[in-house]
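Okay, structure first, notes after.
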Amino acid sequence: MGGARFPALLKLLSVGLLLAASVVATSVIGWSANGEPCPNVEEIFARGTLEPPGVGATGDAFTDALNGRLGNPPVVVNPVDYPASLDFNQAGVGVADAANKVPAGITGPLPPNVARHVAAVVLFGKPSSGFLNLVDHSAPPINIGPLYTNKTIDLCAPDDPVCTTGGGFSRAAHSAYKSNGMADQAADFAAKALGR
């Protein structure tokens, strides 16, 4: 979606890593290469680990909340295609798929000229380095580039063992982003970043 329309898009990257990840884009008056109008808001969302293909429960909650704040037309949602397994080295497949949904042809980190098209990054339950080291010593670190840092909200539920450092022991907390108010918090952040 993003390749042909990229110049007409203001991207809102909302990424919730281990549990959920999303990219949302809003067009600035634009038309695709085939003459179709661009959606006002486009979301690219990676479901949580072990969830079936689609955007997952947190993605659904975030999308519903964002639609409630933005109104019509609704957000166009594009699920990220990746294994969503405990083999975190495979997460790179999802990173590449998400990047290619922003502008086509990306094989590594997003180039600097893309950052001005990204309005926000939202992280749900981002795995801490301690958690990654515990489950997979070879897993790459999760870093947000400096061009995105000020556009990022990193949400970690209290006692979530995946993202807390030194004390989270509630597996239920890691599954609660869909219902603990953080999907709403993320939608508020994204809507504000979009100027809505």
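Each value in this text was obtained by applying a stated rule to the coordinates, not by laboratory testing. In this text, all values refer to a predicted model and were calculated from it rather than measured experimentally. Heads up, the Cβs are rebuilt from the backbone with ideal geometry, glycines too, and the neighbour counts pull from every protein chain shown.
Remarks
- Cross-link reach list, aspartates and glutamates versus LYS101, counting only Cα pairs under 20 Å and skipping chain neighbours closer than eight places: GLU36, GLU42, GLU43, ASP60, ASP81
- Listed values for region 59-65 are Karplus-derived 3J(HN,Hα) couplings in whole Hz (6.51 cos²θ - 1.76 cosθ + 1.60, θ = phi - 60°), namely x, 4, 5, 5, 4, 4, 5, and x replaces Gly and Pro.
- Per-residue extension of 0.36 nm, minus the Cα-Cα distance of ALA115 and ASN150, leaves a gain of 11.5 nm for this segment.
- Amide H contacts of ASP154 (H built 1.01 Å from N, in plane; Pro and chain starts excluded): LEU123 sit under 5 Å, all sequence-distant by 5 or more or on other chains.
- Under 5 Å from the amide H of ALA120 lie the amide H atoms of LEU12, LEU13, each residue being 5 or more positions distant or on a separate chain, with H modelled from the backbone and absent for Pro and chain starts.
- For region 73-83, putting each phi into the Karplus relation 6.51 cos²θ - 1.76 cosθ + 1.60 with θ = phi - 60° gives couplings of x, x, 5, 8, 9, 10, x, 7, 8, 7, x Hz, in residue order, rounded to whole numbers and with x for Gly and Pro.
- Taken along the Cα-to-beta-carbon direction at a fixed 7 Å, the label points for ALA104 and LEU86 span 3.8 nm.
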